[in-house]
Amino acid sequence: MKNYLKITAVVTMLCLISCDKEDDSTKTEQEDLFNLKVGRNWVYKNYNGDSLQNIRFSNSFDSVVLTDKFTFENKNYFKRETFYKNLNIGSWQWRSVNYIYVNPKGHLITFGKDPREDNDQKEHTIHPGVDKDFIHNEEVIFGGESYGTVVYKLEANRTINVEGTDYLSYPFVGRLQPNEKIPKERITEYHYAKGIGMVKEVLAAIYGDATWERHLVSYSN
């Protein structure tokens, strides 16, 4: 009986060690999908668009850098800082910071503040990875009025050309359907490529035809 208990204990320990290794491997694989590692840097050209002139270069760039990594409550967080450069000025200026991690479902999550300082923040999904079942509904409130609900979900993979380079995109798309306040569909797009990160972003205004886009021009591994 004692030998049986010893064997059971050993098997349990081996299982726990194996499961821990599997969890670590899964976390690493998920992070690799989004190209997460301290020092990673993505540079984007910024564009503005409207119904008259279509899309045009705004004479500015964004540089997104992963500057730190830490573990908090068994989650691997990255500090993501964004810098902005207007070509008329010529120097990079700090713009913003947020904190990201990949949850157990493989979704890329963001927080506006350091979770070690504020652990009661609402999670926001930037991209669901390869989870095609994930759907997020977000009501648009402006000036105290509702303008409908944006439905976000992962759409079918497609090849897109960004600044002369083809990427196989995993597009996470939000669609706001026309209603009595919105005359036509408004679409938000986040295009991610495996092992690279975000390659294109498209944002649309609620009113009018204004759009904003970011196009990847370079990234560092």
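The values are calculated or read from the model by the stated rules, or taken from the named source; none is laboratory data. A quick note: this is a predicted structure, and the numbers were derived from the prediction, not measured. Cβ sites come from the backbone with ideal geometry, for glycine too, and all protein chains shown count toward neighbours.
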* Could you tell me which residue of region 130-168 is surrounded by the fewest Cβ atoms within 10 Å (Cβ to Cβ), considering only residues that are touching a strand residue (DSSP E or B) at 6+ places or on another chain (Cβ under 7 Å) and on the phi > 0 side of the Ramachandran plot? => 163
* Restricting attention to region 49-64, and to residues there that are buried (at least 18 other Cβ atoms within 10 Å of the Cβ) and at pLDDT 95 or above, which single residue is farthest from the chain's Cα centre (by Cα)? -> 61
* To do: Answer yes if at least one residue in region 32-41 is acidic (Asp, Glu) and at pLDDT 95 or above, and no otherwise.
  => no
* Structure fact -> When restricted to 73, 123, 117, the only residue within 15 Å of the chain's Cα centre (by Cα) and surrounded by fewer than 17 Cβ atoms within 10 Å (Cβ to Cβ) is 123
* Pick from region 84-96, criterion polar (S, T, N, Q) and loosely packed, with under 11 Cβ neighbours inside 10 Å, ranking: nearest to the chain's Cα centre (by Cα) -> 93
* Please work out which one of (1) part of a strand (DSSP E or B); (2) surrounded by 18 or more Cβ atoms within 10 Å (Cβ to Cβ); (3) touching a residue at least 24 places away in the same chain (Cβ under 8 Å) is the condition residue 99 fails and give its number. => (3)
* Structure fact -> Condition set part of a loop (DSSP other than H, G, I, E, B) and in contact (Cβ under 8 Å) with a residue 60 or more places away in the chain, scope region 126-137, selection farthest from the chain's Cα centre (by Cα): answer is 130
